[in-house]
1. How high is the FRET efficiency from A4 to A30, r the C-beta distance, R0 25 Å, rounded to 0.05?
2. With the dipole of the chain worked out from charges on the C-beta (+1 for Lys and Arg, -1 for Asp and Glu) around the Cα centre, which of A46, W20, A8 lies farthest toward the positive end?
3. Hey, what angle do you get for helix 26-68 against the long axis of the chain, alpha-carbon based, 0 to 90 degrees rounded to 10?
Amino acid sequence: MEMALTIAVFFGLGWLIDSWVDSRPIFTIAFVIFAAIGQSVRMWLAYDAQMKVLEEERRRHVGRRLVGGEAADETQ
């Protein structure tokens, strides 16, 4: 939803600027492409950060299991 709304807002801004400057559809296309690229980069960075957190949690969990040496931990 956030991605669609952001692109819609940038579409509207581009359309308004194109109407004001009478340069259709240069700004509309540019703003939509800018918004789509920006949202894609933002999603990639958020995904990458979340994966790093999950990988670190996994490493800590595996490390605890190896240090404890108990087979009962594997059933949890």
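1. Values: r = 19 Å, r/R0 = 0.74.
In this case the efficiency is close to 0.85.
2. Highest projection toward the positive end goes to A46.
3. With rounding to tens, the tilt is 0 degrees.
Just so you know, all these numbers are worked out from the coordinates, no wet-lab data involved. Please read these numbers as outputs of a predicted model, since none were measured by experiment. All Cβ positions, even for glycine, are placed from backbone atoms using ideal geometry, and neighbour counts span all protein chains on display.
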